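Written out below as C-alpha cells is the structure these notes cover.
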Amino acid sequence: MTTCPHCPTDNWPELERGYRAMLPGDVLAFIDGNRDREHSESLLIATLHMVQDHFGHLGPGHLEAVAQLMQIPLAKVTGVATFYHYFRLQPRGRYLINVCLGTACYVKGAEKVAQKLMDELGIHFGETSKDGVFSLESTRCVGTCGLAPVVMIGEEVHGPLTPGQVPALLETYLARAAEEMAKV
Amino acid sequence: MPQPVHDFYQAMADRVGRSLADRDAEHQVVVQVGSATCEHAAGSQAVADELVRHIRASGRKDILLHRTGCTGRCSREPILGVRLPGRLPVKYERVNRDLVHRIFTEHIQGGTPVAQHVLDHEAGPLPERELLFCEGSRCHGSGPGPRERFAAMLAERGVSRESVRIGAASCFGACGLASDHLASAGPATYVLARPEKVLYRVTGEEDLAAILDGHLIGGQVVERLRAQEEPIALAFMERYGDVAFFNRQSRVALRNAGVVDPESLDEYVDMDGFKALADVLERRDPDWVIGELTKARLRGRGGGGYSTAAKWTMARKQADATRFIICNGDEGDPGAFMDRSMLESDPFNIVEGMIIGGFAIGAQRGFFYIRAEYPLAIRRIQQAIETCRAHGLLGRNIMDSGWDFDLEIRLGAGAFVCGEETALIRSIEGERGQPRVRPPYPTDRGLWDHPTVINNVETFANISAILRYSGDWYARLGTEKSGGTKVFALAGKVRHTGLVEVPLGTPLARVVNDIGGGVTGGRELKAIQTGGPAGGFIPASMQHMEVDFEPLQKAGSIMGSGGMIVLSEDDCMVDIAKFYIAFSQDESCGKCTPCREGTTRLLEILERITQGKGELSDLDKLERLARLCQRTSLCGLGRAAPNPVLSSLKHFRGEFLAHIVDRHCPAKKCVALIHYEINPEKCVGCTICARNCPVACIAGTRKEAHVIDQAACVKCGNCFDVCKFAAVDRV
C-alpha cells in the first residue's frame, strides 16, 4: 500500500515502513487481512492480544504502530489498552506469577501465599523482580477453585499451595530460567 | 418428498458409527484420562504420558486411551477411569505416575482393581455388578420403596451382597419420556444395571422378581422390562453412577462432560449430537423452536433469569434483518467455573446451541465472547468451529438446508464489567467495555445497532437437550416458574468441591451436605454465598430453602451464574463482605458516579470496621450508601455490588456489632482485632515458635514457657501454625 486514504501526508510510505518494522509478521498479516472487512476496527482488542503475546507487554511504540496501521486514533487505542486488566503496559519478567485472589482461594488462605511470594521475591503486586525472572500480579479466579489456593506461573496452575511450598516452587522456575539462559 | 437435512444427518451418523465401531468393540479395554485446565493443573498430562508408555511397553493392541473433558470433581483430580470388557468401570482419584504403574499392572493386566485408590470408595472389595434405582423426588419417582424391597428379596434368596451393589441415583432424566400408554400404567421406577448397560422400567413386585431371577441370577437380560426410552444422562451414569457425588446430580447441561473427547466431533455425534439441529433445520420452523423453549420454561443461566424464549422472540420480531447472536463466556465471577468446564469439556454442544439460536432468531453471524484467561477453552471452541465448518455444520448451506450461518471468537481482556451485556457488546466492537443505559435492549439495538441476543454458555448448553427431549420434559425437571437444572460451582469450606448440576428447586442443604459432603474439618456451616460479588449470603438457618431465582432473591441473594461458596464458622462475614466490595470497587468501570464512588466509600467503611475503628453510625451509613448505589447505578454491576453488604447486615448484624462495640472479631479473622498469646501451662519450651517468628518477638529459652512481645508482634500467625502443643492461643 503506498497511499493512505485517511491521512494524505506526503511521507506516509516512509512512516508506514517504520511502523510495520515495529510489529511481527503475524500481526501485520492479521491487520492487512482484515483491513477491508466490515467493522475491521472491532478487531483492535484481538490485535492488541497478538502484540502482547509476542512482546509480553504493550509499549508506547507498539500502541502507536497499531493505531497508525489500523487507522484508529492513538487516544482510542491507548484508552482500550489501559481499560482492560489483561493488557500490560510495562515489560515483565520471564515468568508471570498470578496469584488467584478469587473467593475460593481467598477463604482458603491465598493472602498468606501472596504475602510469602512478596517476601521471597522482595516485590509487590505489579512489580518485577530485580533479576527479571518473575513478575507478580494478582488475578480474579482462574476457574480451578477445587484446587484453591492456586497460583498461576506462566500458563501452569499450581495448587493447593501452602506458604511453606512457595520457596521450593520458585526454585524450580529459577532453575528452569537458568537452563533456558544457558541454552541461549 | 426429499429430505436433504435428514439425509445429511443420516450420512454423518452412519460414518460416525463405522469409525467408532472399533472403540465400541466388545474386547476393548478403555482407559480414560481427563483433559481440562483443572485436570492439567492436577497433573493429568503426566498421567496420560505414563499410560502411553505402559501401553506401548506392554505391546497390547486392545487398550484404548480415551481423552475426555472434566467431570467437575475438582478436588480429586486427576481422575483415571478403567473399563475392562464386561466389568464395572472403575475410577481412580488423585492419580500420579507411580499409581499409574500399579493400576496398569494390577488392574489392567492383572484384573484386580487397586481398591484403596478408587474414587470415593470407603473400604472393602469392589462390587462386580450394580443396580441403580432412580429415586428422583422431583419427577414423581417412587422413593426408596422398590430399592429396599429389592434388597430384602436379595437377602431372602441368599445372594451375597458383596458382589452386588444396590444403589440409588437422583435422576436419569427418563421421566416423561415414556409413551402415553406406559405413563398411564402407573408410576414406574427406572433401574440401571451395570456393567450390562441395561435400563429397566419396573412397575411392581413381579418385575423386581423377574430382574432378580432373570438378570442377576440367570445372567440374562429381561427383554420385556427393558425401557424403550433413552434418558439423557444414561451414558454419564453408566460411567459414573456408582459415585455418590455424581449419582445425586441430574446431568443435562453437563451430560457429556467427562464422557466424550472434547476434540472429537464423532464422539459428540455418537451422543446424538447435532440431532436437534437436524430436526430444527428439517422443520424449518423457528416458532417451533421458541415454542419448545417456552414450554421448557428455560431462563437465562447467566444470572438474570430472563426467559430465553421471550428474549429470542423479541429479537425475531425486529424489522431489521441483520441480527447477531452472542455467547457470553466472560465468566468473571470469582468462584464460578462452570462455563469454562462446559466450553472445555463439551464444546460442540455449545456450538450446536448457538447455531440453533441463530436459526431461531434469524441471525447470520454469531460470536463467542470468551475471557482471555481461558486459553484451553478458546482453543477447544476454535477447533470445534473449524471442525464444524469442515463438516458442513457451519458456514454455507448448513446440513444441506440452504441456510448460512457462521461463528467466530472474540476475546475478553480481563474486565469483569464485560459480563454485562451492553459492555460486552462494546468490547466486541473493539471499544472500552463500558455499559450504556438500557433500554434500548440489545434485542432492539445491540451489536453495531442491530438486534442481538446474548445468552450465557450454560443456556446454550441446554438448548439441544430441550429440543431433543421436548420442552415439557425439561420443564418437569424444575419448578413451576423455572424449568430444568442449574449447574453450581461448589467451593469454599466443603469436602467435595466441584461442579454440581441439580434440578432447580433442590434444597441448598442437599447440595452442600449430600453432594458436597458437608463442611470441612468438622466445622459448623455458617452461610452459603451464592451469585458471586453480585450475590449475598444465605445463613445456615435457611439452608433448607429451595434453589430457584425467586427464593434466593427473597433471601437477599441471587442465583447469579451459579457460584456457591460454603462458609464455616471460621469465616468472618464482615471480612468476606469487604472482599466482595473490594472486588466490585476494583472492577467498577468508572463511568457512573454511584458505582465508582459508592463502592469506594463502602469499602472504606468496611475497612474501618475490620480494623476496629468502626462506629455505630457506620452501619446506617453503609445501608444508606448501599441502597443509593443499588438504585442509581447505570448497570447491573453497580446495582448488585452492595448485595453482599446488605445481606450480611441483614443476617449477620451481630458480627458487625461485635467488631464495632466489643472490638472483637468472633471468627478471629480480622488481624487488627486479634492477638496471640502463649499459654504457659501448655508451652513446653520447644522454641519452634521463636525460630519461626519473622520479627523475633518471642522470648524464652529452652524448656521454659515463651512469651510474645505484643508491641512488636505483626500477628502473622506463624507461631499459631507451627506449635505442635496447641500452646499458642488466638484471642
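The values are calculated or read from the model by the stated rules, or taken from the named source; none is laboratory data. No experiment lies behind these values; they were computed from the predicted model shown. No Cβ is skipped: glycine too gets one built from the backbone with ideal geometry, and neighbour counts run over all protein chains shown. These accessible areas exclude ligands, DNA and RNA; they are computed on the full protein's heavy atoms, side chains included. Shrake-Rupley method; radii C 1.70, N 1.55, O 1.52, S 1.80 Å.
Quick notes
- B:Asp586 open to solvent by 20 Å² or more (accessible area, probe 1.4 Å) and either within 30 Å of B:Cys713 (Cβ to Cβ) or within 14 Å of chain A (Cβ to nearest Cβ) (or both): yes
- In region B:429-457, the residues that are among the polar types (S, T, N, Q) and more than 14 Å from every other protein chain (Cβ to nearest Cβ): B:Thr443, B:Asn455, B:Asn456
- Residues within region A:150-184 that are within 27 Å of B:Ser75 (Cβ to Cβ) and either open to solvent by less than 10 Å² (accessible area, probe 1.4 Å) or among the hydrophobic types (A, V, I, L, M, F, W, C) (or both), tallied: 11
- Test: residue in region B:578-597 that is out of contact with any helix residue (DSSP H, G or I) (no Cβ under 8 Å at 6 or more places or on another chain), under 26 Å from A:Ser138 (Cα atoms), of a type outside the set (S, T, N, Q) and not in a helix (DSSP H, G or I): yes
- Being part of a helix (DSSP H, G or I), within 18 Å of B:Thr68 (Cα to Cα) and open to solvent by less than 10 Å² (accessible area, probe 1.4 Å) is a property that holds for B:Ile350.
- Residue that is most open to solvent (accessible area, probe 1.4 Å), among those in region B:694-718 that are within 14 Å of chain A (Cβ to nearest Cβ) and closer than 14 Å to B:His675 by Cα: B:Val714
- Residue that is touching a helix residue (DSSP H, G or I) at 6+ places or on another chain (Cβ under 6 Å) and open to solvent by 10 Å² or more (accessible area, probe 1.4 Å), where the choices are B:Arg255, B:Arg283: B:Arg255
- Residue count for region B:554-574, restricted to those that are more than 9 Å from every other protein chain (Cβ to nearest Cβ) and either open to solvent by 20 Å² or more (accessible area, probe 1.4 Å) or in a helix (DSSP H, G or I) (or both): 6
- Screening the candidates B:Glu50, B:Glu93, B:Glu39 for the property of being outside the structural domain of B:Leu281 (by TED's automatic domain parsing), open to solvent by less than 10 Å² (accessible area, probe 1.4 Å), within 31 Å of the chain's Cα centre (by Cα) and acidic (Asp, Glu) yields one hit, B:Glu39.
- A:Val51 vs. criteria modelled with pLDDT of 95 or more, under 30 Å from A:Leu170 (Cβ atoms) and aliphatic (A, V, I, L, M): yes
- On the stretch given as region B:411-428, residues that are more than 8 Å from chain A (Cβ to nearest Cβ) and under 27 Å from B:Arg379 (Cβ atoms) total 9.
- Subset of region B:353-380 that is within 19 Å of the chain's Cα centre (by Cα) and open to solvent by less than 20 Å² (accessible area, probe 1.4 Å) - its residue that is farthest from the other protein chains (Cβ to nearest Cβ): B:Gly353
- Selected residue (criterion: most open to solvent (accessible area, probe 1.4 Å)) from residues of region B:719-731 that are over 19 Å from B:Leu673 (Cβ atoms) and assigned to a loop (DSSP other than H, G, I, E, B): B:Lys724
- Selected residue (only one of B:Glu607, B:Glu615 is open to solvent by 40 Å² or more (accessible area, probe 1.4 Å), not in a loop (DSSP other than H, G, I, E, B) and not aliphatic (A, V, I, L, M)): B:Glu607
- Leading residue by the ranking (farthest from the other protein chains (Cβ to nearest Cβ)) among those in region B:310-338 that are surrounded by 24 or more Cβ atoms within 10 Å (Cβ to Cβ) and among the β-branched types (Val, Ile, Thr): B:Ile325
- Some residue of region A:89-99 being within 13 Å of chain B (Cβ to nearest Cβ), in a helix (DSSP H, G or I) and open to solvent by less than 30 Å² (accessible area, probe 1.4 Å): no
- Any chance B:Val453 is part of a strand (DSSP E or B) and more than 30 Å from B:Asp571 (Cα to Cα): yes
- Within this structure, A:Phe83 fails the test of being of a type outside the set (A, V, I, L, M), at negative phi, in contact (Cβ under 8 Å) with a residue 12 or more places away in the chain and within 11 Å of chain B (Cβ to nearest Cβ).
- Residue within region B:484-504 that is away from chain A (no Cβ under 12 Å), open to solvent by 10 Å² or more (accessible area, probe 1.4 Å), assigned to a strand (DSSP E or B) and touching a strand residue (DSSP E or B) at 6+ places or on another chain (Cβ under 6 Å) present: yes
- Scanning region B:631-665 for residues that are open to solvent by 50 Å² or more (accessible area, probe 1.4 Å) and either polar (S, T, N, Q) or touching a Cys at 6+ places or on another chain (Cβ under 7 Å) (or both) turns up just one, B:Thr632.
Results for (1) assigned to a helix (DSSP H, G or I); (2) more than 10 Å from every other protein chain (Cβ to nearest Cβ), shown as yes or no for each residue.
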{"position": "A:Asp119", "(1), (2)": "yes, no"}
{"position": "A:Lys130", "(1), (2)": "no, yes"}
{"position": "A:Leu136", "(1), (2)": "no, yes"}
{"position": "A:Val142", "(1), (2)": "no, no"}
{"position": "A:Gly146", "(1), (2)": "yes, no"}
{"position": "A:Pro149", "(1), (2)": "no, yes"}
{"position": "A:Val157", "(1), (2)": "no, no"}
{"position": "A:Ala168", "(1), (2)": "yes, yes"}
{"position": "A:Ala177", "(1), (2)": "yes, yes"}
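- The listed residue being over 21 Å from the mean Cα position of the chain (by Cα) and more than 10 Å from every other protein chain (Cβ to nearest Cβ), out of A:Ala75, A:Ala110: A:Ala110
- Considering B:Gly86, B:Gly72, the condition of being modelled with pLDDT under 90 and surrounded by fewer than 22 Cβ atoms within 10 Å (Cβ to Cβ) is satisfied by B:Gly86 alone.
- Among the residues of region B:23-36, some residue qualifies, meaning at least one is closer than 30 Å to B:Asp400 by Cβ and either free of Cβ contacts under 8 Å to residues at least 40 places away in the same chain or among the acidic types (Asp, Glu) (or both).
- Conditions (1) within 30 Å of B:Gln32 (Cα to Cα); (2) free of Cβ contacts under 8 Å to residues at least 60 places away in the same chain; (3) of a type outside the set (A, V, I, L, M): number failed by B:Tyr369: (1)
- Test: residue in region B:381-401 that is within 26 Å of the chain's Cα centre (by Cα), within 14 Å of chain A (Cβ to nearest Cβ) and surrounded by 24 or more Cβ atoms within 10 Å (Cβ to Cβ): no
- The C-beta contact set for region B:588-612 (first residue within 11 Å of B:Ala626 (Cα to Cα) and assigned by TED's automatic domain parsing to the domain that holds B:Arg639, second residue among the hydroxyl-bearing types (Ser, Thr, Tyr) and not in a helix (DSSP H, G or I), distance under 7 angstrom, 6+ apart or interchain) comprises B:Pro594/B:Ser633; B:Cys595/B:Ser588; B:Cys595/B:Ser633; B:Thr599/B:Ser588.
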